[in-house]
Amino acid sequence: MFLINSKTVNEINTKMFYGWIIVLIGGLGIFSSGAGQSHTFSAFLPIITKELNISSTSVSTAYMIATLVAAFLLPRMGKFVDKFGPRIVLITTIIMLGFGCLLFGAASNFLMLALGFGFLRFFGQGSLMLCSSNIVTQWFDKKRGFALGLMGLGFAISMGLHPPISNYLIEVYGWRMAWVIIGFSTWIIMLPPLIFLAVNKPEDVNMLPDGAEKITNEKITKNKIIGLNLSEALKEKCFYILAFSFFSISMLVTALHFFQVTILNEYFNLSSQIATTLFIPTMIAMILFIPIIGKMLDKFQTHIIIGIALIVTGCSLLMITFASSLQNAIIYSVIFGINNAFSISLFGFIWARYFGRLHVGSIQGTGQMILVVGASIGPIPFAAAIDYLGDPISTIRICSLYPFLASFLCILFLREPKKLTNLKLRIEN
């Protein structure tokens, strides 16, 4: 498959660090993951439940089953990334994601719906986000937080554009053709830059992360890529604190994405058009805060930033339960945007930060498996509350306690493994 050569990369690098091209590719990948994200499904949920004559709980169950299956495949995908590099895996992922869109648009029953969800969640929300963050992580070290934050702008733009565009496509072409259009647009956006511009890591083209000096033998030794392997990471307390904490974000933020339109439309009497349009203030808040949070990650202690992020998640959950007016709904939308700015900035950052980048693919794949399990479960309590209690508000407020507890744990107990600290000291000395 086509591969950009070192000479071309170095020519571009004389004008600007090539890593920023990689950030752009990663951002396009995160944007394209919108095809498998809950905020896009949110626009389709009301019409799918109506046309297929199935309940919110049934749709959520199909979503859960598919996402769980996808989750348990992610560790394998992480190992593929470590073995073959993110570029080849990204190209394969994009091709399969496009076919997943076509499959989802053809769904006519519960089984096909679950299968379609499986393709979209595994290749979109799972593999595409994993590989996009991995390739950016490889190109940055000291500026990693800022770079991943800029990459995360792709998610912000997806949140702002995918729901209203999906709503428009549904109204003009119908929901099935909407998915065909989304699938083809995913191929058009992603395949050219991946084929002609993507490079796995700076060392492949005789560079160092962050745009440092070109590699010499001395630099190779001094800047050796370090990190724990998966089995070592699984023995560290911080892995489980991270998993517990980000499980809450993945679970509850997914539920909000999935049911935002339903909650605002059916319980607070806002139209579907307004409910989908409210993703735009969320997008704007994300665009404003993502670069700030990226800088914070490079400057301040990571466990404090994670603690703040979890508090914002809890506040987002509480705020949607008070969205009885357009003004309150906009406030919720902005807080939710800040929440998403934190989560998308931290998503690719935490694994290399706490375990190094040598085996970050397999570690992130396992970590993300846990997070995607959370995403699969998240909509179920909300759906059950909608179908059986007639009101999800109390359920949402109870769920908000989880991220507040996780914040407490991170601030007090989350620290870098001593083994990684010792590896860094050994290299420096």
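Here Tyr354 fits the description: modelled with pLDDT of 90 or more, touching a Cys at 6+ places or on another chain (Cβ under 8 Å) and part of a helix (DSSP H, G or I). Taking the conditions (1) outside any loop (DSSP other than H, G, I, E, B); (2) in contact (Cβ under 8 Å) with a residue 24 or more places away in the chain in turn, Lys50 satisfies each one other than (2). Scanning region 114-145 for residues that are assigned to a loop (DSSP other than H, G, I, E, B) and surrounded by fewer than 24 Cβ atoms within 10 Å (Cβ to Cβ) turns up Asp141, Lys142, Lys143.
Can Met16 be described as outside any helix (DSSP H, G or I) and either crowded, with 24+ Cβ neighbours inside 10 Å or of a type outside the set (Lys, Arg) (or both)?
Details: outside any helix (DSSP H, G or I): yes; either crowded, with 24+ Cβ neighbours inside 10 Å or of a type outside the set (Lys, Arg) (or both): yes.
So Met16 fits the description; yes.
On the given criteria, is Phe408 in contact (Cβ under 8 Å) with a residue 12 or more places away in the chain, of a type in the set (Phe, Trp, Tyr) and more than 27 Å from Arg353 (Cβ to Cβ)?
Working: in contact (Cβ under 8 Å) with a residue 12 or more places away in the chain: yes; of a type in the set (Phe, Trp, Tyr): yes; more than 27 Å from Arg353 (Cβ to Cβ): no.
Here the answer is no, as Phe408 does not meet what is asked.
Taking the stated definitions as given, is Leu150 surrounded by 17 or more Cβ atoms within 10 Å (Cβ to Cβ), among the aliphatic types (A, V, I, L, M), more than 29 Å from Ile274 (Cα to Cα) and out of contact with any Cys (no Cβ under 7 Å at 6 or more places or on another chain)?
no
Residue-wise test of (1) without any contact (Cβ under 8 Å) to a residue 12 or more places away in the chain; (2) aliphatic (A, V, I, L, M); (3) closer than 29 Å to Leu24 by Cβ; (4) touching a strand residue (DSSP E or B) at 6+ places or on another chain (Cβ under 6 Å).
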position: Thr67; (1), (2), (3), (4): no, no, yes, no
position: Gly85; (1), (2), (3), (4): no, no, yes, no
position: Thr92; (1), (2), (3), (4): yes, no, yes, no
position: Ala107; (1), (2), (3), (4): no, yes, no, no
position: Met112; (1), (2), (3), (4): yes, yes, no, no
position: Phe123; (1), (2), (3), (4): no, no, yes, no
position: Gly126; (1), (2), (3), (4): no, no, yes, no
position: Ser132; (1), (2), (3), (4): no, no, yes, no
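Please determine whether any residue of region 106-125 is among the hydrophobic types (A, V, I, L, M, F, W, C), closer than 30 Å to Leu208 by Cα and under 18 Å from the mean Cα position of the chain (by Cα). Yes, region 106-125 has at least one match. Evaluate region 406-417: report whether one residue or more is at positive phi and not in a helix (DSSP H, G or I). No, region 406-417 contains no residue that is at positive phi and not in a helix (DSSP H, G or I). Looking at the structure I just gave you, is Lys235 under 30 Å from Arg76 (Cβ atoms) and surrounded by fewer than 19 Cβ atoms within 10 Å (Cβ to Cβ)? Against the criterion (under 30 Å from Arg76 (Cβ atoms) and surrounded by fewer than 19 Cβ atoms within 10 Å (Cβ to Cβ)), Lys235 qualifies.
Let me confirm something: among Ala383, Ala406, which residue is surrounded by 18 or more Cβ atoms within 10 Å (Cβ to Cβ) and modelled with pLDDT under 90? Outline the logic, then answer.
Values: Ala406 fails: modelled with pLDDT under 90.
Going through Ala383, Ala406 in turn, just one is surrounded by 18 or more Cβ atoms within 10 Å (Cβ to Cβ) and modelled with pLDDT under 90: Ala383.
When the criteria are applied in full, Tyr332 fails the requirement of being out of contact with any strand residue (DSSP E or B) (no Cβ under 8 Å at 6 or more places or on another chain), more than 24 Å from Gly154 (Cα to Cα), assigned to a helix (DSSP H, G or I) and at pLDDT 90 or above. Name the one entry in Gln368, Gln327, Gln364 that is at pLDDT 85 or above, assigned to a helix (DSSP H, G or I), surrounded by 22 or more Cβ atoms within 10 Å (Cβ to Cβ) and not charged (D, E, K, R). Result: Gln364 is the single residue among Gln368, Gln327, Gln364 that is at pLDDT 85 or above, assigned to a helix (DSSP H, G or I), surrounded by 22 or more Cβ atoms within 10 Å (Cβ to Cβ) and not charged (D, E, K, R). Every residue in region 33-68 that is over 28 Å from Ile189 (Cα atoms) and among the polar types (S, T, N, Q), please. Result: Thr49, Asn53, Ser55, Ser56, Thr57, Ser58, Ser60, Thr61. The single condition among (1) surrounded by fewer than 24 Cβ atoms within 10 Å (Cβ to Cβ); (2) more than 13 Å from the chain's Cα centre (by Cα) that Phe355 does not meet is (1). Among the criteria (1) touching a Lys or Arg at 6+ places or on another chain (Cβ under 8 Å); (2) free of Cβ contacts under 8 Å to residues at least 60 places away in the same chain; (3) among the aromatic types (Phe, Trp, Tyr), the one Phe349 does not fulfil is (2).
Within region 282-301, restricting attention to residues that are out of contact with any Leu (no Cβ under 8 Å at 6 or more places or on another chain), surrounded by fewer than 20 Cβ atoms within 10 Å (Cβ to Cβ) and not basic (Lys, Arg), the residue that is nearest to Phe239 (Cα to Cα) is Gln301. Taking helices (runs of 4 or more DSSP H) as the structural unit, those lying wholly within region 197-293 and holding at least 2 residues that are modelled with pLDDT under 85 and among the basic types (Lys, Arg) correspond to 217-222.
Checking each residue in region 400-429 for being among the polar types (S, T, N, Q) and over 16 Å from Phe342 (Cβ atoms) picks out Thr421, Asn422, Asn429.
The values are calculated or read from the model by the stated rules, or taken from the named source; none is laboratory data. None of these values were measured; they are calculated from a predicted model. Note that each Cβ is placed from the backbone with ideal geometry, even for glycine, and that neighbours are counted across all protein chains shown.
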